[in-house]
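Participant: Structure below; questions to follow.
The values are calculated or read from the model by the stated rules, or taken from the named source; none is laboratory data. Treat the numbers as computed from the prediction; the structure is a model and nothing was measured. Please note: Cβ atoms are built from the backbone with ideal geometry, for glycine as well, and neighbour counts cover all protein chains shown. Accessible surface areas use protein heavy atoms only, side chains included; no ligands, DNA or RNA. Shrake-Rupley method; radii C 1.70, N 1.55, O 1.52, S 1.80 Å.
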Amino acid sequence: METGRKRDGAALIALDWGTSSLRGFLMDGAGTVLEQRANAHGIQNLPQPGLPGFEQAFAELCGDWLAGNPGVPVVAGGMVGSAQGWAEAPYVACPADTGTLAGHAIAVDSAAGVRILIAPGVTYAPPDAPPDILRGEEIQIAGVLADHPDWAREACMVLPGTHSKWVQIQDGRMTRFATYMTGELFAVLTKHSILGRLMPADVEADADARDAAFADGVRAARASGPGDLSHQIFAARTLGITRRMAPDLLKDFLSGLLIGHEMVSGLNRMGAALGSGRPLLLIGDGMLCRRYVQGLGLLGIEPTARLENTAPKGLFQFAIAAGLIAPPAGKDTHV
């Protein structure tokens, strides 16, 4: 890494700091990414424990950017603002938009003499149901709405992942959302339960066969009754034992079953938000979103769009809302 490298037009350093990874973006005043970097120093994998680990990870990723572009503001989002992060940025309540996030951000003064503004997470706490939380996804959502203000009026956003989020947007604000532990359940069941014993780790089946097994799982979820999930999960073992499904397809069946149950519930919860042609947007990794597109198709739903890596744009919008940088000329930044 070069020391003190200056980049013409650099206006912002933005950090997407999650549980398992840290990504940094050097951006100009129009929100264009000039450089980007990533490493595995998420908050649970710091180079050393505690606050020194955050300082070291920040310096290693951004030291030359800071030296070469003095005075450039720094913003961060994600788990870095959790109770286990560098400093806790308490949750803000729905309804919330980017201005709400900026108004409740917290600042950390690093050992390098640079102040980092950290975005809070968001909570949805209806009086008649348990509360729900998200942290990091709010920044991705801000990035989507920055580029597509027409979707801000009313939309449903689905962010697949370890903890998938289904978020309703109204008038540019997150109004309610639901979390599904789909990815974590899949990991636990395949790695730490009896189901995984029949699933080979080093065999890759034909793509069409994998898609068919996934579709079988989605269809089983679609046909399920109340409380059927734990019964249906066992089929990922019995289908293999009875040789009705090849071992190298059992993971795909289980994936379809879990994602299918998530989608059936999510579509039911967001039903009113999806009526009259309102957009349904998928945000996240391309391969995982492809599975959600396939599953939604089996349920008769076609997503409006599929987007990846909207965090940089969201962090840029967060910096504008916080008054750290000026909005680009002629750009409507109200999100």
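Participant: Describe numerically, in nm with one decimal, the distance between label points set 7 Å from Cα along Cα→Cβ at Ile301 and at Arg115.
Facilitator: 4.3 nm
Participant: How large are Rg and Dmax for the chain when only the alpha carbon atoms are used, in Å?
Facilitator: 21.4, 66
Participant: A further question follows. Cut-off 10 angstrom, C-alpha nodes, Gaussian network model of the chain. Which of Gly24, Gly63, Gly295 fluctuates the most?
Facilitator: Residue with maximal mean-square fluctuation among Gly24, Gly63, Gly295: Gly63.
Participant: What Kirkwood hydrodynamic radius, in Å, does the range 192-248 give when the mean of 1/r is taken over all pairs of distinct Cα atoms and then inverted?
Facilitator: Taking every pair of different Cα atoms in the range 192-248, averaging 1/r and inverting gives 12.3 Å.
Participant: What's the longest bit of the chain with no exposed trypsin sites (Lys or Arg not before Pro), using DSSP loop states and at most 16 other Cβ atoms within 10 Å as the test?
Facilitator: 8-152
Participant: Determine the per residue accessible area of the chain with all protein chains present and a 1.4 angstrom probe, expressed in square angstrom.
Facilitator: Per residue, the chain has an accessible area of 45 Å².
Participant: Angle check, please: helix 311-321 long axis (alpha carbons) against the longest principal axis of the chain (alpha carbons), in degrees 0 to 90, nearest 10.
Facilitator: Roughly 40 degrees, rounded to the nearest 10.
Participant: Right, next: Please state the relative contact order of the range 159-234 as a whole percent: Cα pairs under 8 Å, 6+ residues apart?
Facilitator: Value for the range 159-234: 18 percent.
Participant: To continue, here is another question. What list of ³J(HN,Hα) values in whole Hz, one per residue of the range 97-110 in order, does the Karplus curve 6.51 cos²θ - 1.76 cosθ + 1.60 (θ = phi - 60°) give from phi, with Gly and Pro shown as x?
Facilitator: Ordered by residue, 3J(HN,Hα) equals 10, 5, x, 4, 4, 5, x, 10, 6, 10, 10, 10, 8, 7 Hz.
Participant: In whole percent, how big is the carbon plus sulfur part of the accessible area of the chain, probe 1.4 Å, protein atoms only?
Facilitator: It is 52 percent, rounded to a whole number.
Participant: Right, here's the next one. At a threshold of 8 angstrom on Cα-Cα distance, excluding pairs fewer than six apart, so keeping six or more, what relative contact order does the chain reach in percent?
Facilitator: Reported relative contact order: 18 percent.
Participant: Oh, and also: Cα centroid distance between the range 259-321 and the range 37-76, in Å?
Facilitator: Computed from Cα coordinates, the inter-centre distance equals 31 Å.
Participant: Once the Cα atoms of the range 38-132 are picked out, what are the Rg and Dmax in Å?
Facilitator: When restricted to Cα atoms, the range 38-132 yields Rg and Dmax of 15.1, 53 Å.
Participant: Now, a different point. Compute the acute angle (0 to 90°) between the alpha-carbon long axis of helix 286-298 and the principal axis of greatest extent of the alpha-carbon atoms of the chain; round to the nearest 10°.
Facilitator: Taking the Cα atoms of the chain, the angle to 286-298 is about 40 degrees.
Participant: Right, something else. Calculate how steeply helix 182-192 sits against the longest principal axis of the alpha-carbon atoms of the chain, using the helix alpha-carbon long axis, and give the answer as 0 to 90 degrees to the nearest 10.
Facilitator: 60 degrees
Participant: Work out the FRET efficiency for Gln294 and Ala30 from their Cβ-Cβ distance, taking R0 = 41 Å, and round it to the nearest 0.05.
Facilitator: In this case the efficiency is close to 0.70.
Participant: Further question on the same structure: Under the Kirkwood approximation applied to all pairs of distinct alpha-carbon atoms, what is the hydrodynamic radius of the range 212-318 in Å?
Facilitator: About 15.2 Å for the range 212-318.
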